[in-house]
Structures are given as structure tokens and as C-alpha cells.
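**Student:** Sharing a structure with you now.
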Amino acid sequence: MKVLRSEIKGFEQRTSLELPLYLSQIPAGFPSPADDYIDKNLDLNEFLIKHPAATFFVRAYGDSMRDAGIHSGDILIVDRALEPRNNSIVVAVVNGELTVKRLYQKENKLYLMPDNPRYKPLEITEDMDFEVWGVVTNVIHSLE
């Protein structure tokens, strides 16, 4: 799954947009009577972006992260302030190309793992130019 540098957008909080957040949960199974009780207002910027100065948005292309719920055309919210951990989904640059993959460490070896069995893991070796740009925290995925 590739990431185009031209599709990287920094976060600019120009306005706050608070929308109602309903306290009642909606079951994905059978319908139930819904309470129409509003808990509070929800600002998506506040909810999705923990470190505004270190956050950027980028659009992903391809299907190598399909099983992680990242589809071609999705917008990723990436936080550079977070320390990548084993199994984190990261945006990384490998030999000059941006990619989004799961970071995986095993027995002193580092891999970028796709979440689609059609693709092979990429072992990161010392002769590669490699840098993690940030940790993917959320995916904006359209249902249409």
C-alpha cells in the first residue's frame, strides 16, 4: 500500500465543530428502542487528534492493508509524536518510497508487514534507507 507525498496534508485547526454525541449505543444486530439522550457535544478534532502539531493526513492507495480495515482511497490520520511499537501500523519511507504497513519485530529483525496474505513481509535491513514517519491512529473510510 503506497502513500503519495503530494497527498500528505498537515493538520490545521481553524474552527471547532462540536456535534451531539448520544449516550445510548446502537447495536449492529437487531434494532432496539433508542434513547434520545445526548451525553455531550463531540468535536472530531479533539477526539481524533491528540497531538495537533505532530499530526498529518495522508491518502492510502492499494490493498496490502485490506485486512486491517485500510482500503484504497482511505485517509489516514498519522501521529508523529507517538512511539511506534511492535504491531503498530505506521507510515514509513523505505528507499525513498512511502508505504503504510504494520511494524513487526521478531528475534532482532524488523519487518514491515502487510495485512493481506497476497503480499510478502518486507524485512528491513541495514543497507536500506528506512524511517518511520508516524503511527496511524485512525482511518477515515467512506461507506459510499
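The values are calculated or read from the model by the stated rules, or taken from the named source; none is laboratory data. What you see is a predicted model, and the numbers here were worked out from it, not measured in a lab. The area values use the complete protein model at the heavy-atom level, side chains included, leaving out ligands, DNA and RNA. Shrake-Rupley method; radii C 1.70, N 1.55, O 1.52, S 1.80 Å.
**Student:** Where only protein heavy atoms count, and the probe is 1.4 Å, what is the accessible area per residue for segment 39-137 in Å²?
**Tutor:** Working: 5730 Å² over 99 residues.
The answer is 58 Å² per residue.
**Student:** Let me check something: with ligands and nucleic acids excluded, how do Leu103, Leu42 order by accessible area (1.4 Å probe), largest to smallest?
**Tutor:** On the way: Leu103 15, Leu42 40 Å².
The ordering from most to least exposed comes out as Leu42, Leu103.
**Student:** Cross-link partners among aspartates and glutamates for Lys40, C-alpha distance below 12 Å, same-chain residues fewer than 8 apart left out?
**Tutor:** Glu18
**Student:** Applying the Karplus parametrisation 6.51 cos²θ - 1.76 cosθ + 1.60 with θ = phi - 60° to the phi angles of segment 107-117, what ³J(HN,Hα) value in whole Hz is obtained for each residue in order, glycine and proline being reported as x?
**Tutor:** Residue by residue, segment 107-117 yields 6, 6, 10, 10, 10, 9, 9, x, 10, 7, x Hz.
**Student:** Scan around Val94 for amide H atoms under 5 Å from its own, H built in the peptide plane at 1.01 Å from N, and keep only partners 5 or more places away or cross-chain.
**Tutor:** Distant-sequence amide H within range of Val94: Thr99.
**Student:** Write down Rg/Rh for segment 74-142, rounded to two decimals, with Rg from the C-alpha atoms and Rh from the Kirkwood relation over Cα pairs. Don't skip to the answer; put the middle values down first.
**Tutor:** Values: Rg = 12.0 Å, Rh = 12.5 Å.
Rg/Rh: 0.96.
**Student:** Quick query: amide H of Ile124 versus all other amide H atoms, modeled in the peptide plane; which residues come in under 5 Å with a sequence gap of 5 or more or a different chain?
**Tutor:** Close amide H contacts, sequence-distant or interchain: Leu110, Tyr111, Leu112.
**Student:** If amide hydrogens are placed 1.01 Å from N in the peptide plane, which non-local residues have theirs closer than 5 Å to the one on Asp43?
**Tutor:** Leu19
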